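First the structure, in the form of C-alpha cells, and then the observations on it.
The values are calculated or read from the model by the stated rules, or taken from the named source; none is laboratory data. Fair warning: this is a prediction, and the values are worked out from it, not measured in the lab. Note that we place each Cβ from the backbone using ideal geometry, even for glycine, and neighbour counts take in every protein chain shown. The protein model used for the area step is the full one, side chains on, heavy atoms only, and it has no ligands, DNA or RNA in it. Shrake-Rupley method; radii C 1.70, N 1.55, O 1.52, S 1.80 Å.
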Amino acid sequence: MGWKCIIAGGELKDIRQDRKESVRVEQYAVSERAVYFQGSYLPLKYVKAVRMQPSVYRPNHCCGIGIPVTKVRIDYGGEKPLVLMLEKEENAEKICAAICAGNPEAAAEEYPDPGTGKKP
C-alpha cells in the first residue's frame, strides 16, 4: 500500500520502516514520526495542537440514540483539522500521548465542559 502524506512536501523518506514500527490503536497507527489513517499519514513535526473530546456517532445520521465515542482533533495548520474517532477513551489518550511524545511542541488542549463551557 502506498502511503500518502496529507501535507504537500512533508513526506517522510523511510515511510515503510516507520510504518512497520508504528503501534496500532483501533483503526489508526502512531509512530514516533507520524499518525497513519485510511491510507494517509500526518508527520508529527507539523502538529500544532491535539485535543480529545467526548462525542456521539450516529451511523444513520438520525436524531436517535448514538454510539458514544471520543474524538481526537489534531490541528496541523491545514484548512480543516484531522479528526480521529475512537471507541474507547483510553485509546484516545494513547494516541494523544504518542503525538505529544513524538512532538513535544504540540500543545495538548483540554475540551470545555458542555454544561459550563469551562475546561476541567
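Numbers at a glance
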| quantity | calculated |
| --- | --- |
| Whole-number accessible area per residue in Å² for the chain, which is evaluated in the context of all protein chains at 1.4 Å | 66 Å² |
| Mean residue ellipticity (222 nm) of the chain, computed from DSSP H runs ≥ 4 via -39,500 (n - 2.57), nearest 500 | -5000 deg cm²/dmol |
| Trypsin sites (Lys or Arg not before Pro) restricted to the stretch 25-78 and DSSP loop, no more than 10 other C-beta within 10 Å | none |
| Label-point separation in nm, E87 to E26, each point 7 Å along Cα→Cβ | 0.9 nm |
| Heavy-atom accessible area ranking, 1.4 Å probe, most first, across Y57, Y76 | Y57, Y76 |
| Amide H contacts of V69 (H built 1.01 Å from N, under 5 Å, at least 5 apart or other chain) | S55, V56, Y57 |
| Above-threshold pairs, the threshold being 25 Å between Cα atoms, out of K13/K48; K4/K45; K20/K80 | K20/K80 |
| Phi-based couplings in Hz for the stretch 81-88 (Karplus 6.51, -1.76, 1.60; Gly and Pro marked x) | x, 7, 10, 9, 10, 10, 6, 10 |
| Sites excluded, GluC sites (Glu not before Pro) in DSSP loops with at most 13 other C-beta within 10 Å, longest stretch of the chain | 33-78 |
| Solvent-accessible surface (1.4 angstrom probe) belonging to C100, in square angstrom, nearest 10 | 40 Å² |
